[in-house]
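Worksheet: the structure to be examined is printed underneath.
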Amino acid sequence: MTVSMDRSDAPLSPTSGVRFRAEAEHASALTASDFRYNRAMADLAVYLPLPFRRMVGAVHLRGGWVQPLASTAPAATRWASDWITSKRGDDLR
């Protein structure tokens, strides 16, 4: 599920305004996932025009949280084992 708000003055190159986005995700057997976890993420960007010639100040904050569920291996183990086999090309033989 994603919720977003864009109150900036331009989609590609804003000079003022605020952008906010929040996501929540659940993965389990109910969602046909191989992994089991809950995840949340929030992203906030604030744009302010500066008194200098055509300059913009920006602040961008991002934070998140992941909770593996009891039946899931640690995330580092999942990512490391996947990376070792997929990046060496073993799966291409």
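Couple of notes before you dig in:
- ³J(HN,Hα), Karplus 6.51/-1.76/1.60, whole Hz, each residue of segment 12-25, x for Gly, Pro: 9, 9, x, 10, 7, x, 9, 10, 9, 9, 9, 10, 9, 9
- Estimated inter-spin distance, residue 65 and residue 13, nm [label 7 Å along Cα→Cβ]: 3.9 nm
- 16 Å reach of a label modelled at residue 1, 7 Å along Cα-to-Cβ, counting backbone N of segment 7-39: 21-28, 31, 38-39
- Cut-off 19 Å (backbone N to label point 7 Å along Cα→Cβ of residue 41), residues of segment 11-32: 19-28
- Under the combined filter of DSSP loop state and at most 13 neighbouring Cβ atoms within 10 Å, segment 1-69 retains these chymotrypsin sites (Phe, Trp or Tyr not before Pro): 52.
- Accessible area of residue 43 in the full protein assembly, 1.4 Å probe (Å², nearest 10): 30 Å²
The values are calculated or read from the model by the stated rules, or taken from the named source; none is laboratory data. Keep in mind that this is a model prediction, so the values were computed, not measured. Note: ideal-geometry Cβ built from the backbone for every residue, glycine included; neighbour counts use all protein chains shown. Remember, those area values only see protein heavy atoms, side chains included, never the ligands or the DNA or RNA. Shrake-Rupley method; radii C 1.70, N 1.55, O 1.52, S 1.80 Å.
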